[in-house]
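Values in this text are rule-based calculations from the coordinates and carry no lab data. Computed from a predicted structure; not experimentally measured. Note: ideal-geometry Cβ built from the backbone for every residue, glycine included; neighbour counts use all protein chains shown.
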Amino acid sequence: MVNSPDIITLSLFDDVVRSGAGYAVTCRLQPNGEEPGGFVSPPTYAKSGIPYNQYQRQEGAETVLCVCLNSIGAEANAMEHALQEAREAGDVALPLPQIVFDPGVEKLEKLTTSQMGHRSCDARLLYSEIDGVPYRESEVGTAILESSHSNMTGISRYAPLDVLFGMWDSHDHTVSRRVRPALKLARLITAEIHGIGISIRDSGAQLSDVADFASDLPLIKGYGDDLFAELSVKEGKNEAATAGFAQTPAYEENRGGVSMRHGLYESNFSAGLLRGYKFPMDDGQRVPGRDHAARVLFLSLGLLVQTIRLERGFYLRSGCDLVAEDAPKFLFYGRSMKSVLFEGPVSASSALALFEQALQKAKEQGFEWGGETISVLASKNFQKRLRANLEYTSDKAEKKTTKKKAVKKGNG
């Protein structure tokens, strides 16, 4: 049975969690302002030949060539950033804890775990302190990094987004690792954007006008005026193109983007993985109903984060601005894909209301998290290393500029 699009309740989440299935999301996309067959620019990779991540997949009975427009990792970042922007803008108030890394070094900004590649087990945190205590030995760090599938209470309390998007404490080289494996969590929620039915084009040369200089025209002192001499020193090369007075030939084989029948956003949430997580009390005691309430809460959080991301659109990069053909379709199912519990669109406001209900249910079971900000400060030794790195990179850039000037002078 398929419910009407406006019927989605917390009891449906109960059924999804118990079934161990989850939900899926699909949305067909097209380049902004173009008909099907329009061109987009996929991300490129530094390898010879075709620079895009290509693969084949089935479209009905047909096998078609496809390309990755946004990877699973990129979409995870998009969801995290959309949530952070929504919170900063006041669009949504979530009682989620936030771990903020303060490098304690001028010119370096604070970072939240959603901006770090390895989230709450990022190396920048592992070599920092909370109130003078090393992160790994602190109450927060211990609660997170000593969590396991059989006890997810600690990481859920301080870093719930890590539970959603996965993490791996790959830097754990302590003695304790000999008796317990380092924490490694798979993603509960994944998403990816594909370009379906593609053809690749070469990049073409651009228009040049009569005022362009020859691309190899020397701009050295004695040839032009002082302006040209100054430009040649700044750029470090005797080329008009480098100085901005000519166009650089732009033809490149297989790098002109792709045309596609359509784009496809695909996502799924694994209630099967979530069902393997347990959430005991702090003393390790298991309470009837607590695990289920916590799982429903994470399912509702995943739905909320995803709807916030989807409502922010599909501008991926320059040359890849996509729009939805229709509203994203959510499909909640039971023990099989044929057991459909709900099918239709879900708004962020509806998802927020469901999340708040799930949070209240979890609180009744003694499971909750606070909305505090946890400040993690780089240790003094780490700050010293950060400053040394800034000085090193600055000196390296200065030496490179000096070397270019010396070469130029020698060629003059």
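Expected output is a single nm value to one decimal: the length gained when fully extending between residue 384 and residue 148, i.e. 0.36 nm times separation in residues minus the C-alpha distance. What is it?
Numbers: separation 236, 0.36 × 236 = 84.96 nm, distance 3.39 nm.
The residue 384-residue 148 span can extend by a further 81.6 nm.
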Quiz item: residue 143: net charge of surrounding residues, Cβ under 10 Å, Lys/Arg +1, Asp/Glu -1, itself excluded?
Solution: -2
Quiz item: Which value in nm describes the separation of the simple spin-label points at residue 7 and residue 356, placed 7 Å from the Cα toward the beta carbon?
Solution: 2.4 nm
Exercise. Work out the charge dipole of the range 73-162 with +1 on the Cβ of Lys and Arg and -1 on the Cβ of Asp and Glu about the Cα centre, then indicate which of 153, 74, 140 is farthest towards its positive end.
Key: 153
Quiz item: In this model, which of 184/329; 338/363; 110/380; 184/278; 184/380 are farther than 26 Å apart at the alpha-carbon?
Solution: 184/329; 338/363; 184/380
Quiz item: Given H placed on each backbone N at 1.01 Å, which residues far from residue 374 in sequence or on other chains put an amide H within less than 5 Å of it?
Solution: 98, 99, 100
Exercise. Kindly put 396, 110, 338 in sequence by how many other C-beta atoms sit within 10 Å of each C-beta, fewest to most.
Key: 338, 396, 110
Practice problem: Assuming R0 = 41 Å, can you tell me the calculated FRET efficiency for the pair residue 131 and residue 396, based on Cβ-Cβ distance, to the nearest 0.05? | Solution: 0.70
Exercise. Take the alpha-carbon centre of the range 98-118, take the same for the range 185-201, and report the distance between them in whole Å.
Key: 29 Å
